[in-house]
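Notes follow the structure.
The values are calculated or read from the model by the stated rules, or taken from the named source; none is laboratory data. Note that the structure is a prediction, hence the values are computed from the model and not measured. Reconstructed Cβ throughout: ideal geometry from the backbone, glycine too, with neighbour counts over all protein chains shown. The protein model used for the area step is the full one, side chains on, heavy atoms only, and it has no ligands, DNA or RNA in it. Shrake-Rupley method; radii C 1.70, N 1.55, O 1.52, S 1.80 Å.
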Amino acid sequence: AIFDIEGIKIAAFPGSIRYKTAPERCMYTQHEFTEAIKDMPAADIAIGHAGCYQESDLFERMQVNEYGTNAHEGIAAITEYIERNKIPIYIHGHLHNPEEKILRNGTRDICLYGAQIIEV
């Protein structure tokens, strides 16, 4: 979904890669994420639970690896969305490992764990 807060558009992505089969979990396959956000308009920043998928062959792997072999492998469709729309900041959690890095397209990738104040 896209939320507009005082003129700032925020793209929000729920859930993580499906690594368990329990239907009550907020988990999706790579394909389900791709379908869900393929028509999502551009935003100023993005937030989500799961991180980006950062392999160079992300779309080839997305087709092969429908269910995640790793709970933390990231979401290919989010990576594609961020790159296509030149999103400057992506804030997420899920990894239980606070860190910040710059993605290959220049996006500031901020992984939070627990409550934290950040400057954007």
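General observations
- All positions within the range 71-104 that are modelled with pLDDT under 90, assigned to a loop (DSSP other than H, G, I, E, B) and not hydrophobic (A, V, I, L, M, F, W, C): His72, Glu73, Gly74, Gly93, His94, His96, Asn97, Pro98, Arg104
- Residues (closer than 15 Å to Ile45 by Cβ, open to solvent by 40 Å² or more (accessible area, probe 1.4 Å) and in contact with a Ser or Thr (Cβ under 9 Å, 6 or more places away or on another chain)) located in the range 79-103: Glu83, Lys86, Pro88
- Per-region count, the range 32-54, residues without any contact (Cβ under 8 Å) to a residue 60 or more places away in the chain, surrounded by 14 or more Cβ atoms within 10 Å (Cβ to Cβ) and not aliphatic (A, V, I, L, M): 9
- Residues in the range 94-112 that are of a type in the set (S, T, N, Q) and touching a strand residue (DSSP E or B) at 6+ places or on another chain (Cβ under 6 Å): 1 in all.
- In the range 1-30, the residues that are open to solvent by less than 20 Å² (accessible area, probe 1.4 Å) reach residues that are of a type in the set (Gly, Ala, Ser) and not in a loop (DSSP other than H, G, I, E, B) with C-beta atoms within less than 6 angstrom, at least six apart or across chains, in these pairs: Ala11/Ala46; Phe13/Gly48; Met27/Ser16; Gln30/Ala76.
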